[in-house]
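One structure is given here, and the rest of the page talks about it.
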Amino acid sequence: MNWAAIGAISEAIGAFGVIATLAYLAVQIRQNTIQLKQNTLAAQAEAINRSNTTMHDVRASIFSSPEIADLFYKGNSDPDSLTDMERLRYRMMLLNVTDSMVDLYTQTLVTEFAPEAWNTQGVNLVKRIMGTKGGTWFWSNFSETYPEKFRSEIDRILGGTQAD
């Protein structure tokens, strides 16, 4: 056997090694892609769960205490009738509710997860809470503390300017 034949055999073995390596990498990339999709779905499920838990906690604080339920009802109906301390407590409740709305809205924008969650839960929550006299009072006084895109979306839902 001469050196040319040995070189040709070596090149063939090298080519086979490259093909085997590429096949192995293709399998690894596919498995990695599947794992990334599964991780994304798990993160989205966790985000939905976190938003639901936050809203559940807010609702639980209202329905488990007649005093808080009364304050929430009174604040939604007639915020001008609240004392300074009641207004502070009512504002803290709406801050919690609004923060959970921001969380859900931001997750929808940034991660593109569950847009239907915002379009159903979020939009309906905005209408139910911010559409009250108390919600209107809260939003007109404290909306500037929230991101511009979120403010535009809330204003759009409430019948204000169109969001971009």
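Here, the chain yields an orientationally averaged convex hull projection of 14.8 nm² when only Cα atoms define the hull. Quote the FRET efficiency, to the nearest 0.05, computed for residue 63 versus residue 96 with a Förster distance R0 of 25 Å and r equal to the Cβ-Cβ distance. Computed FRET efficiency for residue 63 and residue 96: 0.95. Take the Cα of residue 127, step 7 Å toward its Cβ, do the same at residue 2, and the gap between the two points is 8.7 nm. The 3J(HN,Hα) values that the Karplus relation (6.51, -1.76, 1.60; θ = phi - 60°) gives for segment 130-135 are, in residue order, 6, x, 7, 4, x, x Hz. Gly and Pro appear as x.
So, R0 is 45 Å and r is the distance between the beta-carbons of residue 120 and residue 23; what FRET efficiency does that work out to, to 0.05? The formula returns an efficiency of 0.50 here. A simple packing score, the average count of other Cβ atoms within 10 Å per residue, orders the peptides 66-75, 20-29, 96-105 as 96-105, 66-75, 20-29, with the highest score first. Summarising the label geometry, the points placed 7 Å from Cα in the beta-carbon direction at residue 46 and residue 140 lie 4.2 nm from one another.
Values in this text are rule-based calculations from the coordinates and carry no lab data. Since this is a predicted model, take the numbers as computed values, not measurements. Backbone-built Cβ (ideal geometry, glycine too); neighbour counts: all protein chains shown.
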